[in-house]
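Peer 1: Pasting in a structure now, in structure tokens, and then I'll have a few things to ask.
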Amino acid sequence: MDTWWNTVWRTVQAEFADVTNEQEVTRILVRLLMAAVLGAVLGFEREHKGKSAGVRTHMLVSLGAALFVLAPSMAGADEQALSRVIQGIVAGIGFLGAGTILKGNGKDPSHVKGLTTAAGLWMTAAIGTAAGMGREATALISTVMALLVLATMPMLVDKVEGENEQKTREEGSEKH
């Protein structure tokens, strides 16, 4: 006759039976750690620049996206089901991104803040999705490219805008 504790123990074992061997544990750890680390890298860059969504937010977005595709994939979901999961991630992250966007209402009501942060969270979700699907190289390359965009584009824009201002000043002084 089974004791109550034996029944509880067998039930607990059955609940954790989704991971059946060391290979699956390793796969889960590699994919989730990759997503968390890459999210942290992008989050650190944003936090370093004083933006509202920093390391923790980016890590959670990336890790969550990875888990959303990893769990159904390991449960045997087909490509159509995974496609719907990815569509849900894309739509869901849009709501999170929308929360980071603020439209100015002071001196310049057309000024919008947070678009880059929203786009960065969207990119972080995509990177987490790639990592969760076992596309670690794609996730890593995408992270490097995102960092290049975040690091180089502000300098390029400042340079172009500075040249445009210089041209405008020169044209204005030629008219007088």
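The values are calculated or read from the model by the stated rules, or taken from the named source; none is laboratory data. These numbers were taken from a predicted model, which means no experiment stands behind them. Using ideal geometry, Cβ is built from the backbone for each residue, glycine included, and neighbour counts are taken over all protein chains shown. Quick note on the areas: whole protein, heavy atoms, side chains included, nothing else; ligands and nucleic acids left out. Shrake-Rupley method; radii C 1.70, N 1.55, O 1.52, S 1.80 Å.
Peer 1: For region 9-27, which residues satisfy the criterion of being in a helix (DSSP H, G or I), open to solvent by less than 100 Å² (accessible area, probe 1.4 Å), without any contact (Cβ under 8 Å) to a residue 12 or more places away in the chain and closer than 13 Å to Met74 by Cβ?
Peer 2: The answer is Val25, Thr26.
Peer 1: Could you pull out the residue among Ser83, Ser73 that is touching a residue at least 24 places away in the same chain (Cβ under 8 Å) and polar (S, T, N, Q)?
Peer 2: Only one candidate passes the filter, namely Ser73.
Peer 1: More than 14 Å from the chain's Cα centre (by Cα), part of a helix (DSSP H, G or I) and surrounded by 10 or more Cβ atoms within 10 Å (Cβ to Cβ): which single residue out of Val149, Val144 fits that description?
Peer 2: After ruling out the rest, the residue left standing is Val149.
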